[in-house]
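Every number here is computed from the coordinates shown, using simple stated rules; none is lab data. On a predicted model such as this, the values are computed, not experimentally measured, just so you know. Using ideal geometry, Cβ is built from the backbone for each residue, glycine included, and neighbour counts are taken over all protein chains shown.
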Amino acid sequence: MTSEQVLAADLYAVVVHLHKNCNHDLLEAVGSLELSLTQIKLLHVLEDSSEELTLKEAAALVHVSLPAASRMVDDLVRRGLVERKEDPEDRRMKRVRLADTGRSVIRRVSAARLSSLEQFTQNLKPDEREALSHALAELLKRPEVAACRPELAR
């Protein structure tokens, strides 16, 4: 095994542990919202998008068929989480964007994820916490990683 494979296996073990043991708050939040994981994925995609997406683009980004995306967006529009409108240049095309209510749902889901990870870090020994902090500091130098860091109330 190469060192990269060993590192990947070690990282996999940590990620699986976090998924198995730190998802209670997340699953509870998702369950109470009565949203599918694909719907949550779409809300995240819309949040990350700098512009409105066509229905076709949204379908491709969450890996569902156009009819499935249309049904999913219909449900999210009914709930007030997503806004849909005709494309001004091509009225046959529909564009979707995240509504303010959808943004608050994403914040709620993110808060649940963060809460579980806070519980995990509280249970680390001081030297484990310091080692993890040092390793993460290096990774957070990567802009694509740092962009995912939540703003913390200080």
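Shown for Leu53, Leu42, Leu27, Leu98: other C-beta atoms within 10 Å of each C-beta, ranked fewest to most, produce the order Leu27, Leu53, Leu98, Leu42. For the pair Lys85 and Glu34, a Förster radius of 30 Å applied to the C-beta separation gives a FRET efficiency near 0.75, rounded to the nearest 0.05. Straight-line reach from Lys85: taking Cα to Cα under 27 Å and skipping same-chain neighbours fewer than 8 places apart, the lysines in range are Lys41, Lys56, Lys94. Distance between the C-alpha centres of region 82-154 and region 4-71: 11 Å, rounded to the whole angstrom. Among Leu76, Leu35, the order by Cβ neighbours within 10 angstrom, fewest to most, reads Leu35, Leu76. Among the GluC sites (Glu not before Pro) in region 65-149, those placed in a DSSP loop whose Cβ has at most 16 other Cβ atoms within 10 Å are Glu89.
When Asp127, Asp25, Asp48 are arranged by Cβ crowding within 10 Å, least crowded first, meaning fewest neighbours, the order is Asp127, Asp48, Asp25.
Computed from Cα atoms, the angle from the helix 100-122 axis to the main principal axis of the chain rounds to 10 degrees.
Dividing the summed -39500 (n - 2.57) terms of all DSSP H runs of n ≥ 4 by the residue count of the chain sets its mean residue ellipticity at 222 nm at -21000 deg cm²/dmol. The chain gives an Rg/Rh value of 1.05, both radii derived from C-alpha positions and Rh following Kirkwood. Select from Ala60, Ala111, Ala69 the residue whose mean-square fluctuation is largest in a Gaussian network model of the chain (Cα-Cα springs shorter than 10 Å). Of the options given, Ala60 has the highest mean-square fluctuation. Based on Cα contacts under 8 Å between residues 6+ apart, the chain shows a relative contact order of 23 percent.
Placing a label point 7 Å from the Cα of Ser110 along the Cα-to-Cβ direction, the residues of region 37-54 whose backbone N falls under 19 Å of that point are 37-53.
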